[in-house]
Each structure stands twice: as structure tokens, then as C-alpha cells.
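Enquirer: Attaching a single structure in C-alpha cells format; questions to follow.
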Amino acid sequence: MLENKVSIVTGAASGIGLAIAEALAKEGSKVVMADINEEGLKKESERIGAAYFKTDLSKREDCKKLVDYAIEKFSKVDILVNVAGIQTVCPIEEFPEDKWDFMISLMLTAPFLLTKYVWPSMKAQNWGRIINLNSIHGLVASEYKVAYVSAKHGLSGLTKTAALEGGKYNITVNSICPAYVRTPLVDNQIDAQAKSHGISREKVVEDIMLQKAVVKKLIEPSTIAEVVKFLCSEAGAHITGSTMTIDGGWTAG
């Protein structure tokens, strides 16, 4: 389906990014996997048969270097999937200012810069797919997640604006807004909350993470990857500017 297409996937050493990179590669795309975790990146890229680029996307110059690398290696970029991100739980009055700067740089400024840098290539070939891995926290808020929620709300605005500008060039821009996905990041949160509340991991998932969902299961990374594949296919050609919720009914009520 994606033969001769070149994809950049950030946050690709593990979790959702890895599942997406693997799915796109299986569809025939030439994939550039990007992450700060060079050891995991090298191991997984060799397994998948993808190129890799170690990068710190909180640094503006690294965003440019990543796109330059992809274009130098493959001559173009067709697909950009922005996944890289972190989570910090902390009350506003205690939230470190340097942590705010880092999270906004990584999860909002980097997707903007990468979009900006791949845009000329996509315009030149009159085809492009940009997919931002957002969150239900791009639609609703939770306490103690001020930087994460702010970045994800901003990502929703970036998605819509870029979609409006990209339409005439056959560039679609969408964001995927999942609830909790079974990733190493979420596993660490489960352990931390189980210890904090003195309850089992199962209770953390059921009573805390999935409290507002009607489908009481964590989402698998492969589910997100399938949605990305759909948006990159011809079936997704008229879907742009959307914030697609995959939340087990969390935001339906």
C-alpha cells in the first residue's frame, strides 16, 4: 500500500512509535525511526529493516537535522508521524519551569518544526500525510498534568491549522486522541500509582485509568498503528483536520 513512500516516525524506539514504524514498514514504506534512545532505536530498526536517527527533539536544530537526514537518504518525505512525548504529574504551584519548557518544546514545538521542514517536500510531490499522536488530553483536561494538557491542546490547534493550509496540496493533517495505551510509559505509571495508593496494578487500571471509559481495557499500540495506516491510505484521503478519539467512550458522556 505504501511502496515508494518515505515515513518519519518519532518516539519510535518503543511503545506506540515502534508499533507505527513497524506497521508502515510492513506496508512497504521506507521508514526513518527517530528517538533519543539510541540503543533501543538501533535494535528495533535492524529488526524492522528501517533507517534510524538518534535525536533530541526538544532541540530545534535536531528537528532540522532529522528531516535533512531523511531527505538526504531518500530524497523526500511523504509521511510524518509525531509521537515523541513524556508525562509529568505535578500540581501547578510545584511544577518546575524548566520541565514546562522541555515538555512544550518536545510535544508542541517539535511537531510544528517537523511539519514546517517536511512541508516543502510534500508540496513538491502534491501528496503528504501528517499524523500527530495526540491524547484525549488534547480535548479534555485532568488535574496535575498542566504541561501535558497544554501541549496536547496546542497540538489540536496545530493539526487544524496545518490541515487548512495543506488541503490544496493534497496534504492531510490529523491527530489521534487515545486514552491510556499499554506502553512502557503507562506501565511505569501503573506501578507508581499502585505503590502510592496501596492497591494492586489491576485496581489502578480499572478504578483509576479506566474509570471514565466504558470499554474497560487498555488500548494496544497495534490499534493506534492500524489507524495510522488507514489515514495514510487512499481511504483516508478526505479525512483532514480531525481529532480522532480512541478512548473507549471516555469523552462520550
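Please treat every number below as a calculation from the coordinates, not as lab data. The shown structure was predicted, so the numbers you read here are calculated from the model rather than taken from an experiment. Methodologically, a virtual Cβ is constructed for each residue, glycine included, from the backbone with ideal geometry; neighbour enumeration extends over all protein chains shown.
Enquirer: If the cut-off is 14 Å between C-alpha atoms, which aspartates and glutamates fall inside it for Lys229, apart from same-chain ones fewer than 8 positions away?
Expert: Glu3, Glu22, Glu27, Asp78
Enquirer: Quick one: of Lys99/Lys217; Lys30/Lys76; Lys26/Lys59, which pairs are farther than 20 Å apart, Cα to Cα? Walk me through the intermediate numbers first.
Expert: Details: Lys99/Lys217 31 Å; Lys30/Lys76 11 Å; Lys26/Lys59 30 Å.
Checking Cα-Cα distances, Lys99/Lys217; Lys26/Lys59 exceed 20 Å.
Enquirer: Assuming a strict under-17 Å limit between Cα atoms, what lysine pair count do you get for the stretch 110-209 once near-sequence pairs (fewer than 8 apart, same chain) are dropped?
Expert: Details: Lys116/Lys160; Lys116/Lys168; Lys123/Lys168; Lys152/Lys160; Lys160/Lys168; Lys195/Lys203.
The number of close lysine pairs in the stretch 110-209 is 6.
Enquirer: Amide H neighbours of Ile171 under 5 Å, at least 5 residues apart or on other chains, H built in the peptide plane: list them.
Expert: When sequence neighbours closer than 5 places are left aside, the close amide H contacts are Gly128.
Enquirer: FRET efficiency for Asn126 and Thr161, Cβ-Cβ distance as r, R0 = 22 Å, nearest 0.05?
Expert: Details: r = 20 Å, r/R0 = 0.91.
Step by step, r from the Cβ atoms, then E = 0.65.
Enquirer: Assuming R0 = 35 Å, can you tell me the calculated FRET efficiency for the pair Asp101 and Ile208, based on Cβ-Cβ distance, to the nearest 0.05?
Expert: Details: r = 29 Å, r/R0 = 0.82.
Taking R0 as 35 Å, the efficiency between Asp101 and Ile208 is 0.75.
Enquirer: Can I ask one more? Residues with beta-carbon under 14 Å from that of Gly167, excluding Gly167: net charge, scoring Lys, Arg +1 and Asp, Glu -1? The partial results should precede the final answer.
Expert: Values: positive: Lys123, Arg129, Lys160, Lys168; negative: Glu165.
Every neighbour counted, the sum reads +3.
Enquirer: Once the Cα atoms of helix 184-197 and of the chain are each reduced to a long axis, what angle between those two axes, in degrees from 0 to 90 to the nearest 10, is obtained?
Expert: Long axis of 184-197 versus the principal axis of the chain: about 10 degrees.
Enquirer: Quick one: helix 38-48 against the long Cα principal axis of the chain, what's the angle to the nearest 10°, folded into 0 to 90?
Expert: 60 degrees
Enquirer: Could you work out how far helix 110-125 tilts from the main Cα principal axis of the chain, as a 0 to 90 degree angle to the nearest 10?
Expert: 30 degrees
Enquirer: Each residue of the stretch 17-30 in order: what ³J(HN,Hα) in whole Hz does its phi give by Karplus 6.51 cos²θ - 1.76 cosθ + 1.60, θ = phi - 60°, with x for Gly and Pro?
Expert: x, 5, 4, 5, 4, 5, 5, 5, 5, 5, 7, x, 6, 7
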